[in-house]
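Visitor: Mind looking over this structure? Questions follow.
The values are calculated or read from the model by the stated rules, or taken from the named source; none is laboratory data. Computed from a prediction, not measured in an experiment: that's the story for all the values here. Cβ placement follows ideal geometry from the backbone for every residue including glycine, while neighbour counts extend to all protein chains displayed. SASA here: full protein model, heavy atoms, side chains in, ligands and nucleic acids out. Shrake-Rupley method; radii C 1.70, N 1.55, O 1.52, S 1.80 Å.
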Amino acid sequence: FVYRCINRLDRDTTGLLIVAKHLLSASILSDMVGKREIHREYRAIVRGIPAPSEGTIDAPPGRKAGSIIERTVDFEQGEPAITHYQVVESQNGHSLLALQLETGRTHQIRIHLKHLGYPLVGDYLYNPDMEFINRQALHAYHLRFSHPITGEKMEFTAPLPEDMKVILV
């Protein structure tokens, strides 16, 4: 079996992945990603309550000077990236956000939430706040797409992991 991952997740991000069983499906699914025909929704936990409680972040990420890993918002040389967010609930001084991506840039959610002023809890690279969790509080929560061969509507949801749930109690 050849592992053909269609969508990838940052290290320490939990949740759903699409894995194609064969080359034809992988090719079709990859094309669907490019055409934005795969709906992705994430859940993230940040400290505080973002205001407004919903909105769109349109900020182009680019490489941070002097780093091969870290990214930052760069309005001059960054690539277009759009993230929509909505506060789902707030508890214990933290907020659970629903996030939908129009683009899929490296570290997009992590950079956008930091730019908004509400970085991910536990993000070792952009906000090393490890008081409540030892990884970034980011979870690929929901996927919706059409099966690449049959066209059948596919929809999957992965419940929030326990290490993220406990932050909100």
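Visitor: Residues of segment 118-163 being among the hydrophobic types (A, V, I, L, M, F, W, C) and either within 13 Å of the chain's Cα centre (by Cα) or closer than 27 Å to Ile28 by Cα (or both), which ones?
Guide: Within segment 118-163, Leu120, Ala137, Leu138, Ala140, Leu143, Phe145, Ile149, Met154, Phe156, Ala158 meet the criteria.
Visitor: Now a separate question. With the requirement that a residue be among the basic types (Lys, Arg) and in contact (Cβ under 8 Å) with a residue 24 or more places away in the chain, what does segment 40-81 give you?
Guide: Of everything in segment 40-81, those that are among the basic types (Lys, Arg) and in contact (Cβ under 8 Å) with a residue 24 or more places away in the chain turn out to be Arg40, Arg43, Arg47, Arg71.
Visitor: Here is a further query. From (1) at pLDDT below 95; (2) under 16 Å from Ile111 (Cα atoms), pick out the condition that doesn't hold for Gly66.
Guide: That leaves (2) as the condition not met.
Visitor: Something else about it: Give the residues of segment 91-105 that are of a type outside the set (A, V, I, L, M), without any contact (Cβ under 8 Å) to a residue 60 or more places away in the chain and open to solvent by 10 Å² or more (accessible area, probe 1.4 Å), sorted by residue number.
Guide: Result: Gly93, Thr103, Arg105.
Visitor: Next question. Sort out which residues of segment 23-58 are farther than 19 Å from Phe156 by Cα, under 15 Å from the mean Cα position of the chain (by Cα) and among the aliphatic types (A, V, I, L, M), and write them in order of number.
Guide: Within segment 23-58, Ile45, Val46, Ile57 meet the criteria.
Visitor: Exactly one of (1) assigned to a helix (DSSP H, G or I); (2) over 30 Å from Ile149 (Cα atoms); (3) of a type in the set (Gly, Ala, Ser) is unmet by Ser25. Its number?
Guide: (2)
Visitor: Quick one: is Glu37 in contact (Cβ under 8 Å) with a residue 24 or more places away in the chain and in a loop (DSSP other than H, G, I, E, B)?
Guide: Considered against the rule, which asks whether it is in contact (Cβ under 8 Å) with a residue 24 or more places away in the chain and in a loop (DSSP other than H, G, I, E, B), Glu37 comes out as yes.
Visitor: Restricted to segment 153-169, and to residues that are touching a residue at least 12 places away in the same chain (Cβ under 8 Å) and in a helix (DSSP H, G or I), which residue is surrounded by the most Cβ atoms within 10 Å (Cβ to Cβ)?
Guide: Met164
Visitor: What pairs come up if the first residue lies in segment 113-126 and is open to solvent by 60 Å² or more (accessible area, probe 1.4 Å), the second is among the β-branched types (Val, Ile, Thr), and their beta carbons are under 9 Å apart, counting only those six or more places apart or on different chains?
Guide: Lys114/Thr72; Lys114/Val73; His115/Ile57; His115/Thr72; His115/Val73
Visitor: Can you spot a residue in segment 75-83 that is within 18 Å of the chain's Cα centre (by Cα) and open to solvent by 80 Å² or more (accessible area, probe 1.4 Å)?
Guide: Yes, some residue in segment 75-83 is within 18 Å of the chain's Cα centre (by Cα) and open to solvent by 80 Å² or more (accessible area, probe 1.4 Å).
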